[in-house]
Amino acid sequence: DDEASFWLLVAVAESLLPLDYYTPSMVGLRTDQRILEALVGTQLPRLGAHLRRLCISTPLYSTKWLLCVFTSCVPTHTMLRVWDVFFYEGNSVLFR
């Protein structure tokens, strides 16, 4: 129902994601994007170099992923698995 959906959204925004994710400054989102950029650079160095050569910044491809917690960029069955682990383990799962 609508009320349950609302309170789930509140829980995600206030408890599971870093502070300031959904504020005008988006400090939490920008911090996660820097973490993602560092992980790509160390774990996938060829991809990181390729993205830099093409001048593709991390916010360009990751903003929608992170703000929507992958709801619109992966198949539904994958998104449901990500959300299962996200609710169980928290935000760190988004970087695996």
Output the residues belonging to the range 24-55 that are β-branched (Val, Ile, Thr) and surrounded by 11 or more Cβ atoms within 10 Å (Cβ to Cβ).
VAL27, THR31, ILE35, VAL40
Any residue in the range 61-72 that is open to solvent by 60 Å² or more (accessible area, probe 1.4 Å), more than 13 Å from the chain's Cα centre (by Cα) and at pLDDT 90 or above?
no
When the range 1-23 is examined, which residues are found to be β-branched (Val, Ile, Thr) and loosely packed, with under 14 Cβ neighbours inside 10 Å?
VAL10, THR23
Which condition breaks for PHE95 when tested against (1) over 20 Å from LEU8 (Cβ atoms); (2) touching a residue at least 40 places away in the same chain (Cβ under 8 Å); (3) open to solvent by less than 30 Å² (accessible area, probe 1.4 Å)?
(3)
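The values are calculated or read from the model by the stated rules, or taken from the named source; none is laboratory data. These figures come from a predicted structure and were not determined experimentally. All Cβ positions, even for glycine, are placed from backbone atoms using ideal geometry, and neighbour counts span all protein chains on display. In case anyone asks, the SASA skips ligands and DNA or RNA and just uses the protein heavy atoms, side chains included. Shrake-Rupley method; radii C 1.70, N 1.55, O 1.52, S 1.80 Å.
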